[in-house]
Every structure is written in structure tokens, then in C-alpha cells.
Amino acid sequence: MGASTAFHLARKGLDVILVERRHLASGATGHSGAIVRQHYETRIGIRLARESLRFFQRFEAETGHPCDFRQTGFLSGARPRDARAFDALLALLHSEGVRVERLSPREAMDEEPQLVSSNLAAVVHDPDAGYADPIATAVGFGDAARDHGATILENSTVKGFATRRGRVTGVRLRSARTIASDRVVLAGGNWTPRLARTVGIRLPIRFVRGEVAILRRPSGFGAPPKIHFDFYGNTYSRPEGDKDTLVGYMDTPVRRTSTEPELRDDSVPTSTVHDLRRRLAARFPAMARAQSRGGWAGLYDVTPDAYPILDAVGPEGLYVAVGFSGHGFKLAPAVGRLLAEFVSAGQRPEALAPLRASRFREHALIQPEAPFPARRGSRLP
Ligand SMILES: Cc1cc2nc3c(=O)[nH]c(=O)nc-3n(C[C@H](O)[C@H](O)[C@H](O)COP(=O)(O)OP(=O)(O)OC[C@H]3O[C@@H](n4cnc5c(N)ncnc54)[C@H](O)[C@@H]3O)c2cc1C
């Protein structure tokens, strides 16, 4: 988010400094599944995702740097009890101009020969979805920001903010240096709530552990599979390069909440890798023979409605971008553009109004317009 925003601001001709405590993509972004789908249950989610997908498709032309976006297509099945909710979701996607098609289970197997679809009522196919390399994306945005004149300070930790008469006047670094600026975007991922507290802002964020495993597909599997969401097995999967598959849990148990913004150990236990393989094999039986290649864990910054907070908060001139709730990677191009518009014009773009910070106390949480499955809001990768 920081690198995308820096790029969009620098491209507008603003003088930008991006401060990063370690190196770009060392936070959640570097741990991301980096799936880029348009399958959202709200208009705001669909619009941010659709704009961002178009940007990923032409990332190199826009930035001059690669992000390794691979268009794989996306398939997700509906259980018979979710069939009506599924049709409502498809209608919402179509009304927003998203090119998704409804497949019968038989047609889905033609698209994906290794897929077991017999217990599905219908399957959605989004041929435009794909995934990118999350590290290349963040570094690409950073390099492009630099090409437009921005400065990137890595290995530099922000300690707090300088303020005067209710206005932000700069960013204080741990090194005792203060960078003077009358506009500051706080996009520190899981560390944002702590930094926001230094200027008296409380953000309703909790941290939830997400885990993924990497499995080597057995020989004879055939062409790499598409991105797949399985609501029976609660898994999402996508190809990882030409030989491997990345698989993770879609809905993450809330008991996996952490009070710390950083994991002490980002490895995943072997039992988790085996559990993910077993779940994936229920949908792709050949994967029962997949070799384990380990995995990793990361933390999601989750808000009460699973949508981010993109707003001006606290002292004048301070903006936050936080709470991406496990699905922010794909939204970064649109979020960066909208934040850059907000910061440079000083007026909130209309599109960001639903993501204002005050919505939680106003009881105006984002509600799924076509909830799918019917009982649950969106907190998917
Ligand atoms: C396992 C996992 C799988 C995911 N899969 C997907 C997916 O498939 N698709 C999708 O769209 N999203 C996915 N996500 C979510 C997505 O990765 C995040 O929403 C997104 O990367 C958040 O980006 P960010 O810039 O807000 O945060 P971060 O990437 O965490 O960036 C914040 C940066 O701020 C820096 N920072 C923190 N404190 C300071 C400080 N004091 N001073 C200076 N710098 C500081 C950090 O080092 C970090 O680099 C996944 C997340 C995880 C963990």
C-alpha cells in the first residue's frame, strides 16, 4: 500500500519519501498469496478489485517494472444449499460489468480436468483472474516511485509524528531524524494501530494468523490448475510457478488472533501442511500424492467488517490505509491511486466514503450486497 501510494503520488509530481523499517515487502505483502480476483460480495470490493486487476494486467507499461502477473482464471463452486446466494452474487458481478460465467459441474470439469465437481450445484469461472509476485509488485512500485523522483528510505523505522496546532508537521524516525512534511500516509500494515495510538487514534483492528502450504503437484497432473476456492474444504489454491500449488484456509478461525503485530515464528507445522493437502485432495484427488514443500504464516489486519479503513484521521494532514483483512494485495493499485488523489486534492474521493474510519461508531459497517455463502461476509484471500 505504501509503495503503490508513493508511486501514484510521485507520478502526480509530489515530493515523496517512503519510509520502510526493513525492506519493501517485508510485512504481510511478502507473505501474501497475491491472488487477484474480482469475486467480491460488495460493489466497492468489485470496483476496487476490477480497477486493480486492469492495472496488474498492464503493470509493466504503467510502472516500467515487472510484477509477474499470471492470468490463470478462477473457479469456485457453489454447494446446493448456496445455489440461490450464488446466483445473486453472479448477478451483482454482471451488473458491475465483470466477465464471469456460470458453468455446470460438467463444464467445470472440461475447464479443469483434475477437479471433482460432482457435489457442486454450479461453478463460477472468471477467466481474467490471476496472481502476481507480491515482492516484485511492491519493489516494482517502489522503483517506479523512485523513477518519478521519490526517495525510498529502507532500514528506517518511524517512531511517531511531529504535530503542531492540530496539524501534522513531520515524521519522527528512530534515528532521531525528523522528516518535515505536512501530509503523511500511515500504511504500516499490522504496525499501523500502534503508530496511530501515538497521536491518540484508536483503530478497531485485530491480527489473525493466516497459513499457507506449498505442494509439488505429482507428475501427470497436467496443466497448472486455475485459482480455486472450495467452500466445502474451506481452502483456496493457486499455482505457484509451473510445478507447485499454494493452498491456504479461506476462513481463518478467530481463535488464531494475535495481540502482537508480528509473528515470532512464521513457519507452519507439518500437521497444517498435511491438513491442507488432505482438504485439497478432496477436490483434486491427484494432490493426495503431492510432495510437501513447507509453507509460511502471516498476519491479517482485520476490521469488524473485513474492509479497510482509508481515511484522514487525527491531526490534519494524516491519512491511514489499514485493515485489509487478508485480501488487500489485489486492491493495492486502486487504493494507491485513490489515496494519492485524496492526499493531493485534500478532498476525499467519493469512492472512499464507505471506507471512512467513522463507520464503526456510526454503525455503518460495509454489508455484503450478495453474501456468499449466504451466512458469511467476505474475508477471503
Ligand atoms: C498468508 C497471507 C495470504 C494472503 N493472501 C492474499 C491474497 O491471495 N490476495 C490478496 O489480495 N491479499 C492477500 N493477503 C493480504 C495482503 O497480503 C495484505 O492485505 C497486504 O499485503 C497488506 O499490505 P500493506 O502494505 O497494508 O501491509 P504490509 O505489507 O505489512 O506493509 C507494511 C509495511 O510497513 C512497514 N513498517 C511497519 N512499521 C513501520 C515503522 N514503524 N516504520 C517504518 N516502516 C514500518 C513494514 O515493515 C511493512 O513492510 C494475504 C495475507 C497473508 C498474511
Within the range 14-38, how many residues are over 17 Å from residue 137 (Cα atoms), of a type outside the set (D, E, K, R) and part of a loop (DSSP other than H, G, I, E, B)?
3
Matching residues, the range 43-69, being of a type outside the set (A, V, I, L, M), within 15 Å of the ligand (Cβ to nearest atom) and open to solvent by less than 40 Å² (accessible area, probe 1.4 Å)
45, 52, 55, 56, 59, 67
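Results for (1) in a loop (DSSP other than H, G, I, E, B); (2) small (Gly, Ala, Ser), shown as yes or no for each residue.
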site: 262; (1), (2): yes, no
site: 274; (1), (2): no, no
site: 296; (1), (2): no, no
site: 306; (1), (2): yes, yes
site: 320; (1), (2): no, no
site: 334; (1), (2): no, yes
Test each condition in (1) free of Cβ contacts under 8 Å to residues at least 60 places away in the same chain; (2) more than 24 Å from the chain's Cα centre (by Cα) for residue 202 and report the one that comes out false.
(2)
Do we have any residue at all in the range 202-212 that's over 30 Å from residue 82 (Cβ atoms) and open to solvent by 60 Å² or more (accessible area, probe 1.4 Å)?
yes
One residue from 335, 313 being open to solvent by 10 Å² or more (accessible area, probe 1.4 Å), closer than 30 Å to residue 166 by Cβ and of a type in the set (Val, Ile, Thr):
313
In the range 207-266, what residues are within 15 Å of the ligand (Cβ to nearest atom) and among the polar types (S, T, N, Q)?
234, 235, 237, 245, 252, 257, 258
Subset of the range 134-158 (residues that are more than 12 Å from the ligand (Cβ to nearest atom) and in contact with an Asp or Glu (Cβ under 6 Å, 6 or more places away or on another chain)):
136
For the range 354-371, does any single residue satisfy the condition of being within 16 Å of the ligand (Cβ to nearest atom), within 25 Å of residue 134 (Cα to Cα) and open to solvent by 20 Å² or more (accessible area, probe 1.4 Å)?
no
Can you list residue pairs whose Cβ atoms sit under 7 Å apart, with the first residue in the range 271-287 being free of Cβ contacts under 8 Å to residues at least 60 places away in the same chain and the second being part of a helix (DSSP H, G or I)? Count only pairs 6 or more apart in sequence or on different chains.
281/287; 281/288
Taking residue 81 as meeting all but one of (1) part of a helix (DSSP H, G or I); (2) of a type in the set (Lys, Arg); (3) within 9 Å of the ligand (Cβ to nearest atom), write down the number of the exception.
(3)
Exactly one of 180, 150 is loosely packed, with under 14 Cβ neighbours inside 10 Å and more than 30 Å from residue 306 (Cβ to Cβ), and that residue is 180
All conditions in (1) touching a residue at least 40 places away in the same chain (Cβ under 8 Å); (2) within 16 Å of the ligand (Cβ to nearest atom) are true of residue 315 except (2)
What residue, among those in the range 93-135 that are among the hydroxyl-bearing types (Ser, Thr, Tyr) and open to solvent by 50 Å² or more (accessible area, probe 1.4 Å), is nearest to residue 70 (Cα to Cα)?
95
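The values are calculated or read from the model by the stated rules, or taken from the named source; none is laboratory data. Note that the coordinates shown come from a computational prediction; the quantities given were computed from them, not determined experimentally. Cβ: placed from backbone, ideal geometry, glycine included. Neighbour counts: every protein chain shown. Protein only, heavy atoms only, side chains kept; ligands, DNA and RNA dropped before computing areas. Shrake-Rupley method; radii C 1.70, N 1.55, O 1.52, S 1.80 Å.
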